[in-house]
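This report refers to the structure that appears directly beneath it.
The values are calculated or read from the model by the stated rules, or taken from the named source; none is laboratory data. The structure presented is a predicted model; accordingly, all values stated were derived computationally and were not measured. A quick note on method: Cβ atoms are made from the backbone with ideal geometry, for glycine too, and the neighbour counts reach across all protein chains shown. Ligands, DNA and RNA are stripped out before the accessible areas are found, and what is left, the full protein with its side chains, is counted by its heavy atoms. Shrake-Rupley method; radii C 1.70, N 1.55, O 1.52, S 1.80 Å.
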Amino acid sequence: MQQYMIGNLGKVLYGKNENTRCKMASTTKIMSSIVITENIKDLNEKVKISSKAAGIGGSRLGLHTNDEISVKDLLYGLMLCSRK
């Protein structure tokens, strides 16, 4: 989805796939990481993984209930490439 605007006129000079629906996964991951980094005081803070969080599939981190991991490592895991 690309658009090239002409200055501040608000006119589109060129558009490519601008009406194509895209999956929100990458945008969601980026927004989640921004919200976390803006609200956490210490990236080395440890968090405990709940059974609900451990039961969600699709993670490459292989987290289990009661595992403890730093916010920094969780952010790193969040930004890993999604499986295809």
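For the reader, a short list of remarks on this structure follows.
- In region 52-67, the residues that are assigned to a helix (DSSP H, G or I) and at pLDDT 90 or above: Lys52
- Extreme residue, modelled with the lowest pLDDT, among residues of region 1-51 that are touching a strand residue (DSSP E or B) at 6+ places or on another chain (Cβ under 8 Å) and part of a loop (DSSP other than H, G, I, E, B): Met1
- Tallying residues that are open to solvent by 60 Å² or more (accessible area, probe 1.4 Å) and touching a residue at least 24 places away in the same chain (Cβ under 8 Å) within region 31-46 yields 7.
- Matching residues in region 68-84 - criterion: being open to solvent by 70 Å² or more (accessible area, probe 1.4 Å) and assigned to a loop (DSSP other than H, G, I, E, B): Met79, Cys81, Arg83, Lys84
- For region 47-67, the set of residues classified as loosely packed, with under 12 Cβ neighbours inside 10 Å, in contact (Cβ under 8 Å) with a residue 12 or more places away in the chain and of a type outside the set (Ser, Thr, Tyr) consists of Lys48, Gly58, Arg60, His64, Asn66, listed by residue number.
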